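See below for the structure under consideration.
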Amino acid sequence: MKTARESKLISCHLCHTLSRLPQDTGYTVTKGDKKIKCSCCQSILHSRYPDSISRTWALLIAAFILYIPANTLPIMSVNYWGEIQSDTILSGVMHLLHEGMWPLALLIFIASIFIPIFKLATLFLLLISIQLKLVYRPKDRTTLYRITEFIGRWSMVDVFVIALLVALVQFGSTASIRPELGALSFASVVILTMFAAHTFDPRLIWDVINTNEK
Amino acid sequence: MNRNRLHHNQKNKSSNVRACPDCDLLQSIPLLLPNEFAYCLRCNATLLKNQKNSLNRSLSFAVTGLILFFIANLFPLITLKALSLTQNGTVLSTAWVLFEMDRPLLSLVMLFTTFIFPALTLLGTVYVLLQIKTNRINDYTAPLFRFLHHTHIWGMLEILMLAILVTVVKLGDLAEVIFGVSLYAFCLLILAMTLLDYYLNPHDIWNSIRQYNRESK
(Lines give C-alpha, C1' and ligand atoms only; values in the text may rest on other atoms or scores of the structure.)
Protein backbone atom coordinates (compact mmCIF):
# COMPACT_ATOMS: atom_id res chain seq x y z
CA MET A 1 0.00 0.00 0.00
CA LYS A 2 1.11 3.52 -0.70
CA THR A 3 0.30 6.99 0.56
CA ALA A 4 -1.20 9.53 -1.79
CA ARG A 5 2.04 11.49 -1.86
CA GLU A 6 4.12 8.43 -2.76
CA SER A 7 1.73 7.82 -5.65
CA LYS A 8 2.15 11.46 -6.76
CA LEU A 9 -1.41 12.34 -5.82
CA ILE A 10 -2.90 15.01 -3.57
CA SER A 11 -6.08 14.51 -1.65
CA CYS A 12 -8.13 17.70 -1.21
CA HIS A 13 -8.39 18.44 2.53
CA LEU A 14 -12.03 19.35 2.15
CA CYS A 15 -13.80 17.24 -0.45
CA HIS A 16 -11.18 14.44 -0.64
CA THR A 17 -10.98 14.56 -4.43
CA LEU A 18 -7.69 13.12 -5.63
CA SER A 19 -5.62 15.24 -8.01
CA ARG A 20 -2.28 14.63 -9.68
CA LEU A 21 0.69 16.10 -7.82
CA PRO A 22 2.88 18.06 -10.28
CA GLN A 23 6.40 16.70 -10.42
CA ASP A 24 9.46 18.11 -8.67
CA THR A 25 7.50 19.62 -5.81
CA GLY A 26 7.52 18.66 -2.19
CA TYR A 27 5.05 20.26 0.17
CA THR A 28 3.98 23.40 -1.68
CA VAL A 29 1.99 22.67 -4.74
CA THR A 30 2.43 25.20 -7.50
CA LYS A 31 2.41 25.04 -11.25
CA GLY A 32 4.66 27.86 -12.39
CA ASP A 33 3.56 30.75 -10.18
CA LYS A 34 -0.03 29.67 -9.84
CA LYS A 35 -1.39 27.74 -6.91
CA ILE A 36 -3.29 24.66 -7.95
CA LYS A 37 -6.94 24.47 -7.00
CA CYS A 38 -9.16 21.46 -6.48
CA SER A 39 -11.27 20.70 -9.52
CA CYS A 40 -14.31 19.99 -7.37
CA CYS A 41 -14.41 22.53 -4.54
CA GLN A 42 -11.83 25.13 -5.67
CA SER A 43 -9.82 24.87 -2.43
CA ILE A 44 -6.10 25.57 -2.77
CA LEU A 45 -4.43 22.16 -2.79
CA HIS A 46 -1.52 21.16 -0.61
CA SER A 47 -0.08 17.73 -0.04
CA ARG A 48 0.57 18.70 3.61
CA TYR A 49 -0.62 21.88 5.32
CA PRO A 50 1.86 24.65 4.42
CA ASP A 51 4.39 25.39 7.20
CA SER A 52 2.31 23.26 9.53
CA ILE A 53 5.04 22.83 12.15
CA SER A 54 6.18 26.45 12.39
CA ARG A 55 2.63 27.81 12.35
CA THR A 56 1.55 25.41 15.08
CA TRP A 57 4.62 26.33 17.15
CA ALA A 58 3.84 30.05 16.79
CA LEU A 59 0.23 29.64 17.89
CA LEU A 60 1.21 27.28 20.69
CA ILE A 61 3.86 29.61 22.10
CA ALA A 62 1.40 32.52 21.97
CA ALA A 63 -1.09 30.36 23.88
CA PHE A 64 1.59 29.44 26.46
CA ILE A 65 2.36 33.11 27.06
CA LEU A 66 -1.31 34.09 27.42
CA TYR A 67 -1.88 31.14 29.73
CA ILE A 68 0.02 33.00 32.47
CA PRO A 69 -2.28 36.07 32.68
CA ALA A 70 -5.28 33.78 32.16
CA ASN A 71 -4.47 32.08 35.47
CA THR A 72 -2.99 34.91 37.51
CA LEU A 73 -5.38 37.75 36.64
CA PRO A 74 -8.93 37.69 38.02
CA ILE A 75 -11.55 36.44 35.56
CA MET A 76 -14.42 38.30 37.21
CA SER A 77 -15.20 40.53 40.16
CA VAL A 78 -18.39 40.28 42.19
CA ASN A 79 -19.80 43.39 43.83
CA TYR A 80 -22.17 42.34 46.63
CA TRP A 81 -23.54 45.20 48.80
CA GLY A 82 -20.49 47.29 47.97
CA GLU A 83 -18.05 44.56 48.85
CA ILE A 84 -15.90 43.67 45.86
CA GLN A 85 -14.42 40.21 45.53
CA SER A 86 -12.24 39.11 42.61
CA ASP A 87 -11.84 35.52 41.49
CA THR A 88 -9.21 33.81 39.37
CA ILE A 89 -9.95 30.49 37.64
CA LEU A 90 -8.41 28.44 40.45
CA SER A 91 -9.97 30.45 43.30
CA GLY A 92 -13.35 30.11 41.57
CA VAL A 93 -12.99 26.33 41.64
CA MET A 94 -11.93 26.47 45.33
CA HIS A 95 -15.00 28.59 46.17
CA LEU A 96 -17.29 26.04 44.57
CA LEU A 97 -15.58 23.28 46.56
CA HIS A 98 -16.04 25.18 49.85
CA GLU A 99 -19.72 25.70 49.09
CA GLY A 100 -20.07 21.95 48.61
CA MET A 101 -20.86 22.10 44.90
CA TRP A 102 -18.21 19.53 44.06
CA PRO A 103 -19.76 18.22 40.79
CA LEU A 104 -19.70 21.79 39.48
CA ALA A 105 -16.18 22.32 40.79
CA LEU A 106 -15.07 19.14 39.02
CA LEU A 107 -16.67 20.25 35.74
CA ILE A 108 -15.04 23.68 35.83
CA PHE A 109 -11.74 22.10 36.88
CA ILE A 110 -11.81 19.74 33.89
CA ALA A 111 -12.92 22.39 31.40
CA SER A 112 -10.75 25.29 32.54
CA ILE A 113 -7.65 23.71 34.05
CA PHE A 114 -7.26 20.12 32.89
CA ILE A 115 -8.24 20.48 29.19
CA PRO A 116 -6.05 23.56 28.42
CA ILE A 117 -3.00 21.97 30.09
CA PHE A 118 -3.68 18.64 28.37
CA LYS A 119 -4.04 20.40 25.03
CA LEU A 120 -0.90 22.51 25.35
CA ALA A 121 1.14 19.51 26.53
CA THR A 122 -0.18 17.16 23.82
CA LEU A 123 0.47 19.55 20.95
CA PHE A 124 3.92 20.32 22.41
CA LEU A 125 4.83 16.63 22.58
CA LEU A 126 3.38 15.86 19.14
CA LEU A 127 5.39 18.66 17.55
CA ILE A 128 8.59 17.49 19.23
CA SER A 129 7.93 13.87 18.26
CA ILE A 130 7.58 14.95 14.61
CA GLN A 131 10.71 17.08 14.68
CA LEU A 132 12.69 14.19 16.20
CA LYS A 133 11.24 11.94 13.46
CA LEU A 134 10.04 9.40 16.01
CA VAL A 135 8.35 6.24 14.74
CA TYR A 136 6.92 5.42 18.16
CA ARG A 137 3.21 4.36 18.18
CA PRO A 138 1.91 6.55 15.35
CA LYS A 139 -1.65 5.27 15.72
CA ASP A 140 -1.84 6.29 19.37
CA ARG A 141 -0.32 9.67 18.60
CA THR A 142 -2.97 10.22 15.92
CA THR A 143 -5.69 9.29 18.41
CA LEU A 144 -4.19 11.74 20.89
CA TYR A 145 -4.36 14.44 18.23
CA ARG A 146 -8.02 13.64 17.51
CA ILE A 147 -8.88 13.88 21.20
CA THR A 148 -7.10 17.24 21.42
CA GLU A 149 -8.96 18.55 18.42
CA PHE A 150 -12.30 17.38 19.78
CA ILE A 151 -12.15 18.54 23.41
CA GLY A 152 -10.50 21.92 22.85
CA ARG A 153 -13.65 23.93 22.28
CA TRP A 154 -15.25 22.74 25.53
CA SER A 155 -12.88 24.96 27.51
CA MET A 156 -15.05 27.87 26.41
CA VAL A 157 -17.60 26.83 29.06
CA ASP A 158 -16.01 29.02 31.71
CA VAL A 159 -15.98 32.08 29.44
CA PHE A 160 -19.65 31.56 28.63
CA VAL A 161 -20.54 31.11 32.31
CA ILE A 162 -18.86 34.42 33.11
CA ALA A 163 -20.69 36.13 30.24
CA LEU A 164 -24.05 34.75 31.40
CA LEU A 165 -23.41 35.69 35.05
CA VAL A 166 -22.47 39.21 33.99
CA ALA A 167 -25.59 39.56 31.86
CA LEU A 168 -27.93 38.17 34.52
CA VAL A 169 -26.57 39.60 37.77
CA GLN A 170 -27.07 43.31 37.18
CA PHE A 171 -28.89 44.65 40.24
CA GLY A 172 -27.31 48.11 40.46
CA SER A 173 -25.37 48.72 43.65
CA THR A 174 -26.71 45.65 45.49
CA ALA A 175 -25.16 42.99 43.35
CA SER A 176 -23.29 43.11 40.07
CA ILE A 177 -20.62 41.09 38.32
CA ARG A 178 -17.93 42.45 36.03
CA PRO A 179 -15.76 40.44 33.64
CA GLU A 180 -12.03 41.05 34.17
CA LEU A 181 -8.99 40.74 31.93
CA GLY A 182 -8.31 37.12 32.90
CA ALA A 183 -11.48 36.06 31.08
CA LEU A 184 -10.28 37.59 27.82
CA SER A 185 -6.83 36.03 28.21
CA PHE A 186 -8.41 32.66 28.85
CA ALA A 187 -10.71 32.97 25.83
CA SER A 188 -7.63 33.84 23.74
CA VAL A 189 -5.80 30.74 25.00
CA VAL A 190 -8.75 28.56 23.96
CA ILE A 191 -9.06 30.19 20.56
CA LEU A 192 -5.29 30.09 19.88
CA THR A 193 -5.02 26.41 20.82
CA MET A 194 -8.03 25.65 18.58
CA PHE A 195 -6.18 27.31 15.70
CA ALA A 196 -3.00 25.45 16.67
CA ALA A 197 -4.81 22.10 16.53
CA HIS A 198 -6.28 23.15 13.20
CA THR A 199 -2.93 24.00 11.56
CA PHE A 200 -1.31 20.81 12.87
CA ASP A 201 -1.13 18.15 10.17
CA PRO A 202 -1.43 14.59 11.56
CA ARG A 203 -0.10 13.17 8.29
CA LEU A 204 3.35 14.40 9.34
CA ILE A 205 3.28 11.75 12.09
CA TRP A 206 3.00 9.08 9.41
CA ASP A 207 5.46 10.50 6.89
CA VAL A 208 8.45 8.86 8.57
CA ILE A 209 6.73 5.49 8.71
CA ASN A 210 7.38 3.05 5.94
CA THR A 211 4.11 2.00 4.34
CA ASN A 212 5.45 -1.45 3.51
CA GLU A 213 6.18 -2.40 7.10
CA LYS A 214 2.64 -3.33 7.98
CA MET B 1 -22.49 -8.12 7.36
CA ASN B 2 -19.11 -9.36 6.17
CA ARG B 3 -20.55 -11.69 3.63
CA ASN B 4 -22.81 -8.95 2.35
CA ARG B 5 -19.84 -6.70 1.93
CA LEU B 6 -17.93 -9.31 -0.05
CA HIS B 7 -20.90 -9.84 -2.25
CA HIS B 8 -21.08 -6.14 -2.88
CA ASN B 9 -17.41 -6.04 -3.64
CA GLN B 10 -17.68 -8.58 -6.36
CA LYS B 11 -20.65 -6.84 -7.89
CA ASN B 12 -19.02 -3.43 -7.97
CA LYS B 13 -15.54 -3.69 -9.36
CA SER B 14 -15.16 0.06 -9.63
CA SER B 15 -14.63 0.96 -5.99
CA ASN B 16 -13.92 4.37 -4.54
CA VAL B 17 -10.21 5.20 -4.06
CA ARG B 18 -9.44 7.64 -1.28
CA ALA B 19 -6.51 8.96 0.71
CA CYS B 20 -6.98 8.98 4.48
CA PRO B 21 -7.22 12.62 5.69
CA ASP B 22 -5.21 11.79 8.84
CA CYS B 23 -2.42 9.55 7.51
CA ASP B 24 -2.53 9.92 3.69
CA LEU B 25 -2.76 6.17 3.01
CA LEU B 26 -4.43 5.38 -0.30
CA GLN B 27 -7.08 2.73 -0.05
CA SER B 28 -10.04 1.60 -2.06
CA ILE B 29 -13.35 1.65 -0.28
CA PRO B 30 -15.97 -0.94 -1.20
CA LEU B 31 -19.49 0.22 -1.83
CA LEU B 32 -21.05 0.72 1.58
CA LEU B 33 -24.38 -0.65 2.67
CA PRO B 34 -26.77 1.72 4.43
CA ASN B 35 -25.52 2.70 7.89
CA GLU B 36 -22.05 1.32 7.22
CA PHE B 37 -18.95 3.36 7.92
CA ALA B 38 -15.52 2.92 6.34
CA TYR B 39 -12.46 3.37 8.55
CA CYS B 40 -8.80 3.79 7.64
CA LEU B 41 -6.86 0.52 7.84
CA ARG B 42 -3.82 2.18 9.34
CA CYS B 43 -5.03 4.96 11.67
CA ASN B 44 -8.74 4.23 12.11
CA ALA B 45 -10.01 7.61 10.84
CA THR B 46 -13.54 7.65 9.43
CA LEU B 47 -13.18 7.71 5.66
CA LEU B 48 -16.73 7.46 4.47
CA LYS B 49 -20.22 6.96 5.82
CA ASN B 50 -23.36 5.87 4.12
CA GLN B 51 -26.63 6.85 5.70
CA LYS B 52 -30.03 6.01 4.40
CA ASN B 53 -31.93 9.01 3.14
CA SER B 54 -29.21 11.37 4.37
CA LEU B 55 -30.30 14.34 2.24
CA ASN B 56 -33.93 14.37 3.37
CA ARG B 57 -33.09 13.71 7.00
CA SER B 58 -30.43 16.37 7.22
CA LEU B 59 -32.66 18.87 5.41
CA SER B 60 -35.52 18.27 7.82
CA PHE B 61 -33.24 18.68 10.86
CA ALA B 62 -31.71 21.82 9.36
CA VAL B 63 -35.14 23.40 8.82
CA THR B 64 -36.23 22.35 12.33
CA GLY B 65 -33.04 23.86 13.68
CA LEU B 66 -33.63 27.12 11.86
CA ILE B 67 -37.13 27.49 13.31
CA LEU B 68 -35.93 26.60 16.81
CA PHE B 69 -33.01 29.01 16.47
CA PHE B 70 -35.48 31.80 15.73
CA ILE B 71 -37.63 30.96 18.79
CA ALA B 72 -34.58 30.49 21.01
CA ASN B 73 -33.47 34.04 20.29
CA LEU B 74 -36.89 35.68 20.46
CA PHE B 75 -37.67 35.28 24.18
CA PRO B 76 -35.46 35.29 27.29
CA LEU B 77 -33.62 32.04 28.01
CA ILE B 78 -33.55 32.53 31.77
CA THR B 79 -34.92 35.25 34.02
CA LEU B 80 -33.35 36.08 37.36
CA LYS B 81 -35.56 37.38 40.15
CA ALA B 82 -34.06 38.95 43.27
CA LEU B 83 -35.21 41.77 45.58
CA SER B 84 -38.25 42.50 43.39
CA LEU B 85 -35.92 43.14 40.49
CA THR B 86 -35.85 40.95 37.41
CA GLN B 87 -33.17 40.51 34.80
CA ASN B 88 -33.70 38.73 31.48
CA GLY B 89 -30.95 36.89 29.68
CA THR B 90 -30.91 36.13 25.96
CA VAL B 91 -27.97 35.14 23.79
CA LEU B 92 -27.81 38.59 22.22
CA SER B 93 -28.30 40.51 25.47
CA THR B 94 -25.31 38.66 26.91
CA ALA B 95 -23.09 39.91 24.10
CA TRP B 96 -24.62 43.41 24.44
CA VAL B 97 -24.02 43.68 28.20
CA LEU B 98 -20.37 42.69 27.71
CA PHE B 99 -20.06 45.39 25.07
CA GLU B 100 -21.57 48.00 27.39
CA MET B 101 -19.09 47.03 30.10
CA ASP B 102 -16.13 47.90 27.87
CA ARG B 103 -15.30 44.32 27.01
CA PRO B 104 -15.72 44.59 23.20
CA LEU B 105 -13.46 41.63 22.36
CA LEU B 106 -15.21 39.27 24.74
CA SER B 107 -18.52 40.54 23.40
CA LEU B 108 -17.42 39.78 19.83
CA VAL B 109 -16.34 36.27 20.81
CA MET B 110 -19.81 35.69 22.31
CA LEU B 111 -21.61 37.23 19.34
CA PHE B 112 -19.74 35.14 16.76
CA THR B 113 -19.61 31.78 18.55
CA THR B 114 -23.16 31.74 19.90
CA PHE B 115 -25.09 33.72 17.30
CA ILE B 116 -23.47 34.54 13.96
CA PHE B 117 -21.74 31.22 13.21
CA PRO B 118 -24.64 28.97 14.31
CA ALA B 119 -27.07 31.16 12.32
CA LEU B 120 -24.86 30.99 9.22
CA THR B 121 -24.43 27.23 9.61
CA LEU B 122 -28.20 26.66 9.75
CA LEU B 123 -29.12 29.12 6.98
CA GLY B 124 -26.28 27.97 4.72
CA THR B 125 -26.97 24.26 5.24
CA VAL B 126 -30.68 24.68 4.48
CA TYR B 127 -29.79 26.67 1.35
CA VAL B 128 -27.21 24.17 0.04
CA LEU B 129 -29.42 21.15 0.77
CA LEU B 130 -32.40 22.81 -0.94
CA GLN B 131 -30.26 23.57 -3.98
CA ILE B 132 -29.27 19.92 -4.23
CA LYS B 133 -32.77 18.68 -3.57
CA THR B 134 -34.28 20.86 -6.30
CA ASN B 135 -31.34 20.41 -8.70
CA ARG B 136 -30.47 24.10 -8.69
CA ILE B 137 -26.77 23.93 -7.90
CA ASN B 138 -24.90 26.98 -9.19
CA ASP B 139 -21.30 28.24 -9.20
CA TYR B 140 -21.66 29.60 -5.66
CA THR B 141 -22.70 26.32 -4.04
CA ALA B 142 -19.13 25.02 -3.72
CA PRO B 143 -17.65 28.21 -2.14
CA LEU B 144 -20.63 28.44 0.22
CA PHE B 145 -20.31 24.84 1.38
CA ARG B 146 -16.56 25.34 1.76
CA PHE B 147 -17.22 28.37 3.96
CA LEU B 148 -19.68 26.35 6.06
CA HIS B 149 -17.08 23.64 6.54
CA HIS B 150 -14.49 26.13 7.81
CA THR B 151 -16.82 27.98 10.21
CA HIS B 152 -18.47 24.84 11.55
CA ILE B 153 -16.23 24.32 14.61
CA TRP B 154 -16.70 27.94 15.71
CA GLY B 155 -20.40 27.58 16.37
CA MET B 156 -20.51 26.67 20.06
CA LEU B 157 -24.17 26.42 21.01
CA GLU B 158 -23.80 23.06 22.79
CA ILE B 159 -21.09 24.57 24.96
CA LEU B 160 -23.38 27.51 25.77
CA MET B 161 -25.99 24.94 26.80
CA LEU B 162 -23.57 23.47 29.36
CA ALA B 163 -22.68 27.00 30.50
CA ILE B 164 -26.38 27.78 31.06
CA LEU B 165 -26.70 24.66 33.24
CA VAL B 166 -23.67 25.69 35.30
CA THR B 167 -25.00 29.23 35.68
CA VAL B 168 -28.42 28.03 36.81
CA VAL B 169 -26.89 25.78 39.47
CA LYS B 170 -24.52 28.54 40.61
CA LEU B 171 -27.28 31.14 40.96
CA GLY B 172 -29.87 28.72 42.33
CA ASP B 173 -29.08 29.53 45.95
CA LEU B 174 -28.85 33.28 45.57
CA ALA B 175 -31.88 34.16 43.51
CA GLU B 176 -34.96 32.75 41.88
CA VAL B 177 -34.22 31.42 38.41
CA ILE B 178 -37.12 31.21 35.96
CA PHE B 179 -36.75 29.16 32.76
CA GLY B 180 -38.03 30.94 29.67
CA VAL B 181 -39.83 29.44 26.66
CA SER B 182 -36.65 29.95 24.70
CA LEU B 183 -34.70 27.62 26.96
CA TYR B 184 -36.88 24.68 25.89
CA ALA B 185 -36.48 25.70 22.25
CA PHE B 186 -32.75 25.99 22.89
CA CYS B 187 -32.51 22.43 24.27
CA LEU B 188 -34.36 21.08 21.24
CA LEU B 189 -32.14 23.17 18.98
CA ILE B 190 -29.03 21.46 20.36
CA LEU B 191 -30.68 18.09 19.67
CA ALA B 192 -31.63 19.11 16.11
CA MET B 193 -28.12 20.39 15.38
CA THR B 194 -26.51 17.23 16.74
CA LEU B 195 -28.74 15.06 14.55
CA LEU B 196 -28.07 17.36 11.59
CA ASP B 197 -24.34 16.82 12.08
CA TYR B 198 -24.88 13.09 12.30
CA TYR B 199 -27.00 12.78 9.17
CA LEU B 200 -25.32 15.35 6.96
CA ASN B 201 -23.00 13.53 4.59
CA PRO B 202 -20.55 15.99 3.00
CA HIS B 203 -19.41 13.29 0.61
CA ASP B 204 -22.86 13.16 -1.04
CA ILE B 205 -22.93 16.94 -1.35
CA TRP B 206 -19.49 17.06 -2.99
CA ASN B 207 -20.60 14.29 -5.34
CA SER B 208 -23.59 16.37 -6.45
CA ILE B 209 -21.33 19.40 -6.94
CA ARG B 210 -18.85 17.27 -8.90
CA GLN B 211 -21.64 16.14 -11.17
CA TYR B 212 -22.74 19.75 -11.70
CA ASN B 213 -19.14 20.70 -12.55
CA ARG B 214 -19.00 17.93 -15.15
CA GLU B 215 -22.31 18.90 -16.72
CA SER B 216 -21.59 22.62 -16.90
CA LYS B 217 -18.30 22.12 -18.72
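Among the residues making up region A:170-193, those that are within 7 Å of chain B (Cβ to nearest Cβ) and either modelled with pLDDT of 90 or more or crowded, with 24+ Cβ neighbours inside 10 Å (or both) are A:179, A:183, A:184, A:187. Here the condition is being within 20 Å of residue B:184 (Cα to Cα) and in contact with a helix residue (DSSP H, G or I) (Cβ under 6 Å, 6 or more places away or on another chain); of B:131, B:87, it holds for B:87 alone.
Of everything in region A:139-158 that is facing chain B (nearest Cβ under 7 Å) and not charged (D, E, K, R), the residue that is surrounded by the fewest Cβ atoms within 10 Å (Cβ to Cβ) is A:154.
For region B:167-181, the candidate set comprises residues that are of a type in the set (Gly, Ala, Ser) and touching a residue at least 40 places away in the same chain (Cβ under 8 Å); within that set, the residue that is nearest to residue B:80 (Cα to Cα) is B:175. On the basis of being of a type in the set (A, V, I, L, M), more than 14 Å from chain A (Cβ to nearest Cβ) and closer than 30 Å to residue B:83 by Cβ, does residue B:181 make the cut? Against the criterion (of a type in the set (A, V, I, L, M), more than 14 Å from chain A (Cβ to nearest Cβ) and closer than 30 Å to residue B:83 by Cβ), residue B:181 qualifies. Taking region B:74-118 as the range and being touching a residue at least 12 places away in the same chain (Cβ under 8 Å), buried (at least 20 other Cβ atoms within 10 Å of the Cβ) and part of a helix (DSSP H, G or I) as the test, the residues that pass are B:91, B:94, B:95, B:98, B:107, B:110, B:113, B:114, B:115, B:118. Quick check: anything in region B:122-137 more than 26 Å from residue B:163 (Cα to Cα), hydroxyl-bearing (Ser, Thr, Tyr) and within 12 Å of chain A (Cβ to nearest Cβ)? Checking region B:122-137: not a single residue is more than 26 Å from residue B:163 (Cα to Cα), hydroxyl-bearing (Ser, Thr, Tyr) and within 12 Å of chain A (Cβ to nearest Cβ).
Return yes when residue B:175 is assigned by TED's automatic domain parsing to the domain that holds residue B:131, modelled with pLDDT of 90 or more and small (Gly, Ala, Ser) and no when it is not.
no
Checked against (1) under 19 Å from residue B:128 (Cβ atoms); (2) crowded, with 17+ Cβ neighbours inside 10 Å, residue B:53 passes all but condition (2).
Taking region B:43-54 as the range and being touching a residue at least 40 places away in the same chain (Cβ under 8 Å) and touching a Ser or Thr at 6+ places or on another chain (Cβ under 9 Å) as the test, only B:51 passes.
If the condition is being at pLDDT below 90 and part of a loop (DSSP other than H, G, I, E, B), then region A:57-107 contributes A:81, A:82, A:99, A:100, A:101.
The values are calculated or read from the model by the stated rules, or taken from the named source; none is laboratory data. Bear in mind that the values here come from a model prediction, so they are computed numbers and not experimental data. A quick note on method: Cβ atoms are made from the backbone with ideal geometry, for glycine too, and the neighbour counts reach across all protein chains shown.
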